[in-house]
Amino acid sequence: MKALASDFDGTFYFMKKNDPIKKCDIEAVKEFQDQGNLFGFCTGRPLYGILDYLNNETSADFYITNNGATIFDKDFNLIFEKTIPKDITDALISYGVEHNYEVDFHMDGKFIAYKETTTFITDFVYSLDEIQGKVHSITYNALTEENADALASHVNHLFHGKVNAFRNKEFVD
């Protein structure tokens, strides 16, 4: 038995294409699984951020989501979870806001933005007091890959041992 984990964006799912998931990829996954192997996704997105796009055409055996902060089995049962403590969440969001970054986060199954700074998120909080749930990840929009590299390094320095920041294109997760 083998296990294969695929990234989602730009590997399995191509947002800006007419056919965002290739039929040949779906068939290859089914063939791989039919041979007794395990297939899963490993992504920075939360679970709900990929399921809508799969359209029941592909079923994974596992889902590593939120950059590893949550892991689900094939039936979507949570088997691992790591959250960001409230004091660190508040400090990270405050840092992003003070430095004029768009800040969003995944909390309790929702994608939430701090204030109305993005065009694709519909849930917002307007103060740190409103953040009361389990936060699995925080994202800054750094606008360019160069800015994101510098920001990730700076966040890793400021919050050493408490969180790990990674560049994901022009974003920092």
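The values are calculated or read from the model by the stated rules, or taken from the named source; none is laboratory data. Everything numeric here is computed off the predicted structure, so don't read it as measured data. Methodologically, a virtual Cβ is constructed for each residue, glycine included, from the backbone with ideal geometry; neighbour enumeration extends over all protein chains shown. The area values use the complete protein model at the heavy-atom level, side chains included, leaving out ligands, DNA and RNA. Shrake-Rupley method; radii C 1.70, N 1.55, O 1.52, S 1.80 Å.
Okay, here's what the table says:
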quantity	calculated
Residues that are exposed (fewer than 13 other Cβ atoms within 10 Å of the Cβ) and in a loop (DSSP other than H, G, I, E, B), drawn from region 144-168	144, 160, 161
Breaking point among (1) in a strand (DSSP E or B); (2) open to solvent by 20 Å² or more (accessible area, probe 1.4 Å); (3) at pLDDT below 90, for residue 113	(2)
Unique match (being modelled with pLDDT under 90 and within 19 Å of the chain's Cα centre (by Cα)) among 104, 149, 108	108
Exclusive hit being within 27 Å of residue 135 (Cα to Cα) and either in contact with a Lys or Arg (Cβ under 9 Å, 6 or more places away or on another chain) or open to solvent by 40 Å² or more (accessible area, probe 1.4 Å) (or both), set 58, 70, 43	70
Among (1) within 17 Å of the chain's Cα centre (by Cα); (2) touching a residue at least 12 places away in the same chain (Cβ under 8 Å), the one test that residue 120 misses	(2)
Flag for residue 89 being surrounded by 19 or more Cβ atoms within 10 Å (Cβ to Cβ), of a type in the set (S, T, N, Q) and closer than 20 Å to residue 142 by Cα	yes
Qualifying residue in region 15-27 (condition: closer than 27 Å to residue 130 by Cα, outside any helix (DSSP H, G or I) and either more than 15 Å from the chain's Cα centre (by Cα) or in contact (Cβ under 8 Å) with a residue 60 or more places away in the chain (or both))	no
Number of the exception - residue 32 against (1) aromatic (Phe, Trp, Tyr); (2) surrounded by fewer than 14 Cβ atoms within 10 Å (Cβ to Cβ); (3) over 20 Å from the mean Cα position of the chain (by Cα)	(2)
Scan of region 123-138 for residues that are without any contact (Cβ under 8 Å) to a residue 60 or more places away in the chain and not in a helix (DSSP H, G or I), ordered by number	123, 124, 125, 126, 127, 131, 132, 133, 134, 135, 138
Residue that is under 20 Å from residue 9 (Cβ atoms) and among the acidic types (Asp, Glu), where the choices are 98, 102	102
First in region 78-104 and assigned to a strand (DSSP E or B), second anywhere and open to solvent by 40 Å² or more (accessible area, probe 1.4 Å) and of a type in the set (Val, Ile, Thr), Cβ under 7 Å, 6 or more apart	79/71; 80/71; 102/117; 103/97
